[in-house]
């Protein structure tokens, strides 16, 4: 997994890392939550398509903001808490980044299925699943987690690029409508 | 529809900024977290050319560097560290081994963001290894001189050696043993020797107990004694170090009058070289690092040996495959003496590390801290790799 360590060194300090089945994961404990959890969050969005609403956006913004005290070490924390906060951040991040690209894919009329409740129920399920995999997994689990993390990173990159392209256009449209 | 577009804009913008800040925080900003049970170990990362001290936190199972610096790829400066007596600070010794570079001791907080202290020592070509004797605020360092650092006031006192090129100080309860090496005496021009004695902590004077010369050792069949490996006996009556008798590994015991006895451990083969020593909690077993030739030419097997002092076969726990360097200065043990073993205060866990070894001496993935669970009959070994980056 050397090349993965090299790749993730561009986006992760790789200091506090999980060792799963004797294998070191290529990202730190917090980024394990972010990138592996990111892949799971993309699946959730794809399956449930939660309806875009101010309330749901607010909840996901809270999931982003909780990273401030944890990410900047304002509160004491151990390895598990680092991973959990990374994963909560991932849920918020994927929701925020996928709003606009999904709307563009489906046209102006939202075709989001209103399945916010099952989405809300399924989202926390990834937390214990990831921690159990880390705690009891062997070398194969380590490789699977690394690949899922890679998929999560790829998903973030695609979503980030999509937003970078579409957001300026959206801002321009809203500005013009206002004027 | 317009309201929804505002939601998209706010969500997308928050996501992009959030991820950017997350990546910046993870790769670029320093972090400290409170710890409980910890192990310090030196490491050298040839890829990033960083050498430093890492802290393994047993409570969380994670490794993080507490100090690191950019260093030369060849002959890097490897820092050594220990906890202060009260466990609240980390003492890091930076010994360059170069006459034109100063040596330094850093005092870092073990917890929280507190200020660090830096002590500059006179130049020296010698190295020193922990444990460094510490009594109250006084820390003693042995190099080509003896230094006493007051960790509270920052005062540094030094005393030059007479008759030897370097000195090792070995704490043993309330008193400090010393081994002064490379003795210079008339009539011993072709002979190397070392002197063993006690340090007076008040005036830094030395009280010699006995001297040992290579010719004395050779006449008793001992081909090499490990100067860096001296460890006090559990009852404080003397010292023991690792040695070689012909091609066999040996332990040489010294009492206050000189050489006492030689013990040849029952190892599973010939050619073993022993490194640093540590006593078991009951004083019946000596733990040490052991290197033997590997199955392939140019390879060696690094193990930790448990040697019953009163006889019986030694138990080996395999650690890693090494590629030994050619001997330096005709010293056949120039590689293995740097491999140390340390017993946890509760007597349950042995620690050893390959984290500081050079790129050519072992595979990248084997550069790690190794913990051996002595309560496990199978001697489970846990490997904690050295920090891959410099900050979280």
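No lab work stands behind these numbers, since they all come straight from the coordinates. All values derive from a computational prediction rather than experimental measurement. Don't worry about glycine lacking a Cβ; one is built from the backbone with ideal geometry, like all the others, and counts go over all protein chains shown.
Considering every residue in A:52-65, what mean count of other chain Cβ atoms within 10 Å of its Cβ is obtained? Please report the intermediate quantities before stating the final value.
Values: counts 5, 3, 5, 0, 2, 6, 1, 0, 3, 5, 0, 1, 8, 2.
Rounded to a whole number, the mean comes out at 3.
Place the peptides B:81-88, A:153-160 in order of packing, highest mean first, counting for every residue the other Cβ atoms within 10 Å and averaging per peptide.
A:153-160, B:81-88
Can you tell me the orientation of helix A:54-65 relative to chain A, as the angle in degrees between its alpha-carbon axis and the longest Cα principal axis, to the nearest 10?
The angle comes out at about 30 degrees.
With a Förster radius of 60 Å, plug the Cβ-Cβ distance of residue A:164 and residue B:117 into 1/(1 + (r/R0)^6) and report the FRET value to the nearest 0.05. Show your work: numbers first, answer last.
Working: r = 47 Å, r/R0 = 0.79.
Calculated transfer efficiency: 0.80.
Would you mind pulling out the separation of the Cα centroids of region B:230-301 and region B:346-392, in Å?
If we compute the Cα centre of each part, the gap is 21 Å.
Can you give the relative contact order of chain B as a percent, counting alpha carbon pairs under 8 Å and 6+ residues apart? If you can, show how the numbers build up before the last one.
Details: 870 pairs, mean separation 40.7, N = 392.
It comes to 10 percent, rounded to a whole number.
Starting from 0 in steps of 5 Å, tell me what percent of the Cα-Cα pairs of chain A lands in each bin.
Going out from 0 Å in 5 Å bins, chain A shows 1, 8, 16, 20, 19, 15, 10, 7, 3, 1, 1, 0, 0 percent.
Normalized C-alpha radius of gyration of the protein assembly as shown, against 2.2 N^0.38 Å? Display every interim value, and only then the final one.
Working: Rg = 28.9 Å, N = 571, 2.2 N^0.38 = 24.5 Å.
Scaled against compact globular proteins, the figure is 1.18.
Please give the average number of partner chain Cβ atoms lying within 10 Å of the Cβ of each residue in B:158-165, rounded to a whole number.
Numbers: counts 0, 0, 0, 0, 0, 0, 0, 0.
Average per residue, whole number: 0.
Efficiency by 1/(1 + (r/R0)^6): what FRET value for residue B:125 and residue B:296, r their Cβ-Cβ distance, R0 = 35 Å, to the nearest 0.05? Each step should come with its number before you reach the end.
Numbers: r = 36 Å, r/R0 = 1.03.
Plugging the Cβ-Cβ distance into 1/(1 + (r/R0)^6) gives 0.45.
Rounded, prolate or oblate: which fits chain B, taking a ≥ b ≥ c as square roots of the Cα gyration tensor eigenvalues, rounded meaning a/c under 1.5, else prolate when a/b beats b/c? Mind dumping the intermediate values first?
On the way: a/c = 2.11, a/b = 1.59, b/c = 1.32.
Cα axes put chain B in the prolate bin.
What does the helix-only formula give at 222 nm for chain B: each DSSP H stretch with n ≥ 4 adding -39500 (n - 2.57), the total divided by the residues, and the result rounded to the nearest 500 deg cm²/dmol? Walk me through the numbers on the way to the answer.
On the way: 2 runs with 33 residues, N = 392.
Calculated from helices alone, the mean residue ellipticity at 222 nm is -3000 deg cm²/dmol.
Of all the C-alpha pairs in region A:121-166, what % are more than 18 Å from each other?
Values: 489 of 1035 pairs.
Summing the P(r) of region A:121-166 above 18 Å gives 47 percent of all pairs.
Going by how many other beta carbons lie within 10 Å of each one, how would you line up B:160, B:198, fewest first? Walk me through the intermediate numbers first.
Details: B:160 9, B:198 16.
Exposure proxy ranking, most exposed first: B:160, B:198.
Compute the angle between helix B:2-28 and the longest alpha-carbon principal axis of chain B, please, reported from 0 to 90 degrees and rounded to the nearest 10.
That works out to roughly 10 degrees.
So, in nm, how far is label residue B:190 from label residue B:348 when the simple model puts each one 7 Å beyond its Cα toward the Cβ?
For the pair residue B:190/residue B:348, the computed spacing is 5.6 nm.
Please rank B:315, A:176, A:49, B:118, fewest neighbouring Cβ atoms within 10 Å first, as an exposure proxy.
Details: B:315 16, A:176 8, A:49 19, B:118 12.
Ordered from fewest to most neighbouring Cβ atoms within 10 Å, B:315, A:176, A:49, B:118 come out as A:176, B:118, B:315, A:49.
Taking Cα atoms, how many degrees apart are the long axis of helix A:126-136 and the longest axis of chain A, rounded to 10 and kept between 0 and 90?
10
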